[in-house]
Amino acid sequence: MGGFFAGQDGGIGVLGLLLMWAAGLSEMNPEFTKATFNDPALYASVAEFKKLFDSPGMVKSASADWSDASPFINGETAMQWGGLWDLTKVTAAHGDDVGVLPFPGSGATGKQVVPFGAFSACVSAKSANVTVAKNFVKWLWVDSDDKQVEFSDAFGVHIPAKPALYDKATKVASGPGADAAAFVTDLGRSNALFWTSASGEAYSTALSNVVKNGADPAAEFTAASDKVDAELKRVNG
């Protein structure tokens with residue numbers, strides 16, 4: 001049995017932003033105009049991750065990728081990065097002999113973090129029916145408690161948008177599901193609004209070069225930061 005599995009790439013793809021957030025940093029400033037991740041705290045966080053990446057405990061080849069809990073269910077790894085969508089499969093296989101944990105903080109200014117995302121609703125400002133669309137989103141995700149509970153219970157495992165409904169959603173009312181919901185509430189982070197695929201690629205490339213190839217983190221993340229700054233200028237028009 002291996003130690004930790006976070007994907008066939010050793011976690012480079014799925015853990016990238018968490019290494020940043022765990023160091024107490026953000027992708028960009030509140031104005032969405034400048035990258036803010038190029039910091040010695042990130043270099044230190046990535047250096048700690050590289051130790052794990054290079055160790056025998058990091059599983060880099062398994063029967064499925066990180067989004068499928070099969071490696072953990074099959075006993076290929078003691079810990080696996082994954083999503084709530086597979087929680088029912090995990091508990092069916094292992095009962096209550098499992099637990100969930102947030103991503104650990106890194107360094108003196110770091111903090112634990114949990115990403116959240118997946119299903120969400122947005123309204124285009126260019127729509128001819130902005131008010132109607134906003135009213136619909138409010139009805140579905142704010143006013144309709146029954147719809148939130150149904151979504152949480154009937155379609156895999158999902159956390160209701162309103163924490164007050166956690167107790168009514170059976171799959172997150174107790175056990176690992178409840179722990180995960182609490183972690184999301186207390187420690188949750190989502191991608192910055194203007195973090196585009198181009199920015200993500202620039203950052204991921206730098207991370208890969210540092211972790212896999214031993215490249216200089218200051219040089220790599222400075223180059224990535226410059227690319228993100230250019231991308232933010234493009235996005236802001």
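The values are calculated or read from the model by the stated rules, or taken from the named source; none is laboratory data. These numbers were taken from a predicted model, which means no experiment stands behind them. All Cβ positions, glycine included, derive from the backbone under ideal geometry; neighbour counts span all protein chains shown. These accessible areas exclude ligands, DNA and RNA; they are computed on the full protein's heavy atoms, side chains included. Shrake-Rupley method; radii C 1.70, N 1.55, O 1.52, S 1.80 Å.
Is there a residue in region 141-149 that is closer than 19 Å to VAL123 by Cβ, surrounded by fewer than 15 Cβ atoms within 10 Å (Cβ to Cβ) and of a type outside the set (D, E, K, R)? Working first, answer last.
Within region 141-149, the first condition is being closer than 19 Å to VAL123 by Cβ, and the residues that meet it are 141-144, 147-148.
Filter once more, keeping what is surrounded by fewer than 15 Cβ atoms within 10 Å (Cβ to Cβ): 142-144, 147.
Restricting the remaining residues to those that are of a type outside the set (D, E, K, R) gives 142, 144.
For region 141-149, residues closer than 19 Å to VAL123 by Cβ, surrounded by fewer than 15 Cβ atoms within 10 Å (Cβ to Cβ) and of a type outside the set (D, E, K, R): present.
Among helices (runs of 4 or more DSSP H) lying entirely in region 1-94, which contain 1 or more residues that are over 23 Å from GLY110 (Cβ atoms)? Walk me through it before giving the result.
Details: elements: 16-22, 40-54, 70-73, 87-94.
Output list reads 70-73, 87-94.
Find the residue count for region 111-144, including only residues that are free of Cβ contacts under 8 Å to residues at least 40 places away in the same chain, assigned to a loop (DSSP other than H, G, I, E, B) and not basic (Lys, Arg). Outline the logic, then answer.
Applying the first criterion (free of Cβ contacts under 8 Å to residues at least 40 places away in the same chain) to region 111-144 yields 119-144.
Okay, now just the ones that are also assigned to a loop (DSSP other than H, G, I, E, B), so 119-129, 144.
Keeping just the survivors that are not basic (Lys, Arg) gives 119-125, 127-129, 144.
Residues flagged as free of Cβ contacts under 8 Å to residues at least 40 places away in the same chain, assigned to a loop (DSSP other than H, G, I, E, B) and not basic (Lys, Arg) within region 111-144 amount to 11.
Considering region 54-70 alone, what residues qualify as being surrounded by fewer than 21 Cβ atoms within 10 Å (Cβ to Cβ) and over 17 Å from the mean Cα position of the chain (by Cα)?
ASP54, SER55, PRO56, GLY57, MET58, LYS60, SER61, ALA62, SER63, ALA64, SER70
Kindly evaluate VAL149 against the criterion of being free of Cβ contacts under 8 Å to residues at least 24 places away in the same chain, assigned to a helix (DSSP H, G or I) and touching a Lys or Arg at 6+ places or on another chain (Cβ under 6 Å).
Values: free of Cβ contacts under 8 Å to residues at least 24 places away in the same chain: yes; assigned to a helix (DSSP H, G or I): yes; touching a Lys or Arg at 6+ places or on another chain (Cβ under 6 Å): yes.
When the stated conditions are applied, VAL149 passes them.
Determine whether VAL137 is open to solvent by less than 50 Å² (accessible area, probe 1.4 Å) and under 17 Å from LYS162 (Cα atoms).
Values: open to solvent by less than 50 Å² (accessible area, probe 1.4 Å): yes; under 17 Å from LYS162 (Cα atoms): yes.
Taking the combined requirement at face value, the residue satisfies it.
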